[in-house]
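Enquirer: Encoded as structure tokens, here's the structure I'll be asking about.
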Amino acid sequence: MAFDAKWEDYQRLALRFARSLQDMEPVVAAKEFVSFGRRYAQDRDSLPQTDADRAFHLVSEAVTLVDYQLPFATDEEAETIIPRAHRLLEEALTLDPHCYDASRISVAANCPSFESYYDYLCEVEPEVRAYCEEARNAALSSGSDERATAEAALALHPHLRWLAALASKALICGRNHEALRYCEEAFQLDPADMADARFTAALAYAKLEDEQGLDQLEARCRKLPHPYGSNDAWMLLARLSLAQKRLDFPLARQILAKIAELYPNAAITLARQKELPDGVFARLALPPFSEDELIVATSEATVLTQEGRDSFGRGALGSWLLQESLTIATHEQIDEISQEIDINAIPHKSNDDRGNKEWWQ
């Protein structure tokens, strides 16, 4: 369900190509459309497209570089990747000044702080909303078929991504109520929640210790067309945070066991608690219940795991998760964890969690 820049690029051109065939006889048009996939892959310039389409293609190339190549690049490779990505975004904005994905990504790279980036997103959001709504209305007025409906949906994607970025940055900046407001705007715009705003909302409700709000979000999520039910990593980490905070350790361990059941190598991921940069286009498109998905969820849950401080240098929940992860890890996983973390320095648990409050509070 997450946004995929390459797939969206393909969809945009496929719809435009299909519209160019609408005056042909159905049989002739069908034969012509068979060539689309080959032409897209081998001779893209032969397809009908606008400057806005060309700009979005450049964005998709920049996203591939920054989100999917840069994290695994050497320092030497990064020196080539970053300038190339900037050039692609600059060219995109030259072709289409209203390519809001390009402008959002470019500004993010140059903002000195989360707060300044959040302020920028707030300031420009009304402009993005107005432009995308106008594009949607134009698509809908062009016809009543499935093609027009699909074009209208695509027209709203930049605004949905803008709202998702606003919600995420509001959460990081401690503006939890504002994060929920932007999530709600995204829900209203797209009830299927392609932007995965529900993940950010789950963390915001946990930060606010609003279990009733989390319950309502969970009920809402069960109706969505996705494979999670109420078992996505973000919801489970939010539930675990609330249980640990109210000292309900049996429930917290039950949720931890559920995460370990659903996600491979969960013990390693939850012990490490790696903090990663956000995807520049949107939350990374990852397979549901994959190890990489849990890594991303755990990184975003830093707002929960690093809350407060303890003698081990982590937040209360982060320290508790580290210690508990070792109890569910295999010997091989413990060996891997110990390569990065001095597990012998971790304070020993007492038999009674409540008797050891100074460690995890």
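Enquirer: For segment 314-330, take each phi angle, set θ = phi - 60°, evaluate the Karplus expression 6.51 cos²θ - 1.76 cosθ + 1.60, and give the result in whole Hz per residue in order, putting x for glycine and proline.
Expert: These are the phi-based 3J(HN,Hα) values: 10, x, 4, 5, x, 5, 4, 5, 4, 5, 5, 4, 5, 6, 9, 7, 6 Hz.
Enquirer: If you fit an axis through the alpha-carbon atoms of helix 233-245 and take the longest principal axis of the Cα set of the chain, what angle between them do you get, 0 to 90°, nearest 10?
Expert: For helix 233-245, the angle is close to 30 degrees.
Enquirer: Of Tyr205, Leu294, Leu154, whose Cα points farthest to the positive end of the dipole of the chain (charges on the beta-carbon: +1 Lys, Arg; -1 Asp, Glu; origin at the Cα centre)?
Expert: With unit charges placed on the Cβ atoms, the residue in question is Tyr205.
Enquirer: Is there a quick way to get the dipole size of the chain? I mean about its Cα centre, with the Cβ of Lys and Arg at +1 and of Asp and Glu at -1; what is the value in debye to the nearest 20?
Expert: About 680 debye.
Enquirer: For Rg and Dmax of the Cα atoms in Å, several values are listed as (1) 22.8, 79; (2) 23.2, 84; (3) 18.9, 57; flag the one computed from this structure.
Expert: This structure yields the entry labelled (1).
Enquirer: Work through the residues other than Glu125 whose Cβ is under 13 Å from its Cβ and net out their charges, Lys, Arg +1 and Asp, Glu -1.
Expert: So the environment of Glu125 carries a net charge of -1.
Enquirer: HN-Hα J couplings of segment 259-270 from phi, Karplus 6.51/-1.76/1.60, θ = phi - 60°, integer Hz, Gly and Pro as x?
Expert: Each residue's phi maps through the Karplus curve to give 4, 5, 6, 8, 10, x, 6, 4, 4, 5, 4, 6 Hz.
Enquirer: Apply the Karplus curve 6.51 cos²θ - 1.76 cosθ + 1.60, θ = phi - 60°, to the phi angles in segment 138-148 and return the couplings in whole Hz, x for Gly and Pro.
Expert: 5, 5, 5, 6, 7, x, 10, 8, 5, 5, 5
Enquirer: Of Val303, Thr269, Pro250, which is farthest on the positive side of the dipole of the chain, counting Cα position, with +1 on Lys and Arg Cβ, -1 on Asp and Glu Cβ, and the Cα centre as origin?
Expert: Selected residue: Pro250.
Enquirer: Sticking with this one: State, to one decimal in nm, how far the label point of Arg39 lies from the label point of Glu291, with both points 7 Å from Cα in the Cβ direction.
Expert: 4.3 nm
Enquirer: May I ask for the distance between the Cα centers of segment 74-132 and segment 193-215, given as a whole number of Å?
Expert: That distance is 27 Å.
Enquirer: List every residue whose amide H lies under 5 Å from the amide H of Leu284, counting only residues 5 or more places away in sequence or on a different chain, with H placed 1.01 Å from N in the peptide plane.
Expert: Gly279
Every number here is computed from the coordinates shown, using simple stated rules; none is lab data. Computed from a predicted structure; not experimentally measured. Reconstructed Cβ throughout: ideal geometry from the backbone, glycine too, with neighbour counts over all protein chains shown.
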